[in-house]
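The values are calculated or read from the model by the stated rules, or taken from the named source; none is laboratory data. Bear in mind that the values here come from a model prediction, so they are computed numbers and not experimental data. Every residue, glycine as well, gets a Cβ built from its backbone with ideal geometry; the counts of neighbours run over all protein chains shown. Keep in mind that these areas ignore ligands, DNA and RNA; they rest on the heavy atoms of the full protein, side chains included. Shrake-Rupley method; radii C 1.70, N 1.55, O 1.52, S 1.80 Å.
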Protein chains: 2
Amino acid sequence: MRISDLSRLSGTPVGTIKYYLREGLLPPGRQLGATLSLYGDEHLRRLRLIRALTARGGLSIAATRDVLTAMDEPLDPLATLGVVHYALPTPVDAAETDAVDEQAPRVDELLRTMGWDVSENSPHRRALAASLMDLGRIGADYRTEDLLPYAELAASAAKLDLDRVQRLDDPEDRFKLAEHAAVVVLLLEPVLAVLRRLAQENETRRRGAWARPGDTPDA
Amino acid sequence: MRISDLSRLSGTPVGTIKYYLREGLLPPGRQLGATLSLYGDEHLRRLRLIRALTARGGLSIAATRDVLTAMDEPLDPLATLGVVHYALPTPVDAAETDAVDEQAPRVDELLRTMGWDVSENSPHRRALAASLMDLGRIGADYRTEDLLPYAELAASAAKLDLDRVQRLDDPEDRFKLAEHAAVVVLLLEPVLAVLRRLAQENETRRRGAWARPGDTPDA
């Protein structure tokens, strides 16, 4: 297909596709002339993945390139998870570095109590420290014992995640596997957040305390 | 304290504080002269909440005002949850409305299977539909049976959330309660997402497949 077809089918402007080509996120098409290149289904699929990683996942172009490069290597699909993990944005305001570092012992304690094996260099340690700092600042202190039941739920979710990636293992199509690893890490996150919100509404109604928007007067 | 102290203690620029005052997010201080107003701890606390809702929670100024207004009403703390829920940003690209609507029956089926009581008007139904569409587009179809175990985990998380809000019930300090409701809905979300990422690394290592960043060569 031509670049215009690729644009229409993926919902991505032509200028953006050209930018991805220049940045090396998308491999070049088959060149048929000075101004004509043809693209295939693999371009469409990769373009949709790029959109998902950048628009929904919040990855930068550089981080997206790292993830896509990793996917082209012959890695175990679970190992691809690691590459995605360390490419994820975990913004911590430079002005707040010290305040975040103060929370590090609490993160260590939680990981130790859970018996989790996580690299000292994981960016998610800092991300958790930053979130705990945020909570503390508005007076919502979550101690290790408050966080443990949530950590148990996270451990259960991680087992479901990895079971799925392993079940999909298909040596014929390693890009598809790597895609799924990225999906499981990144694109399932908003799904889980929304499920929790829906469950909160249900649970609030069940406890008889829902008195707010979304309801018609006689509902 | 003066506005300059409020700025320093909250880490918010004076211009931003003045903007919040003009927009009615922050109540006016005690005016002592044409150019001097004094602010109290309640201003500092509210300012930190505004920063948390906007910077970390992604709420617009209008949505933040809705949430804060709701907090000033004498509502049951659980009912405040509802206000926060319906003020949350759930962006769905207008060009994709039809594609999202196609997923609505799948959302209905999941909610029915879980037996969840959620308003037809909940914005989170659409948010879930949009996420399912994203997943389907890159070939990761999550059927109802795939989502059910995650929904069970979300239900457990929601029970923990509401237990905490109810335990904090304190008629002396309803603003604090409302704050906590917002915290539980919004600021705990990144905590749970990060816990899942940390659990994924642990689970991947446990299955012997972690071969990637963060490790020193002899680790």
Task: For region A:1-51, the spread of Cα positions along each principal axis, largest first, Å - done: 28, 21, 18
TODO: Go through A:Thr54, A:Tyr20, A:Gln31 and say which Cα lies farthest out towards the positive end of the charge dipole of region A:1-56; charges sit on Cβ, +1 for Lys and Arg, -1 for Asp and Glu.
DONE: A:Thr54
Task: Nearest-first distances (nm) between copies at A:Thr144, label 7 Å from Cα via Cβ - done: 4.3
- [ ] Quick one: with label points 7 Å out along Cα→Cβ, list the inter-copy distances for B:Gln31 in nm, shortest first?
- [x] 7.0
- [ ] Extending each Cα 7 Å along its Cβ direction at A:Asp146 and B:Arg206, get the distance between those two points in nm, one decimal.
- [x] 2.6 nm
- [ ] Starting from a label point 7 Å past Cα on the Cβ side, list the distances from B:Thr16 to the same position in the other copies, nm, shortest first.
- [x] 2.8
TODO: With label points built 7 Å along Cα→Cβ from the Cα atoms of B:Tyr19 and B:Asn121, find their separation and express it in nm.
DONE: 3.1 nm
Task: Residue closest to axis [chain A; rotation mapping onto B; Cβ; Å] - done: A:Leu153, 3
Task: Pairwise burial A:B, computed as accessible area of each alone minus the pair, summed, 1.4 Å, Å² - done: 8400 Å²
- [ ] Between B:Leu36 and A:Ser4, with labels modelled 7 Å along Cα→Cβ, what's the label distance in nm to one decimal, could you check?
- [x] 7.1 nm
Open item on the list: On a 1.4 Å probe surface of the protein chains, which of A:Arg143, A:Arg196 comes out largest in accessible area, and what is the full order?
Closed with: A:Arg143, A:Arg196
TODO: Note the full-extension length gain between A:Ala62 and A:Arg167 as 0.36 nm times their separation in residues minus their Cα-Cα distance, in nm to one decimal.
DONE: 34.8 nm
TODO: Enter the Cα centre distance for the pair region B:98-157 and region A:1-75, rounded to the nearest angstrom.
DONE: 28 Å
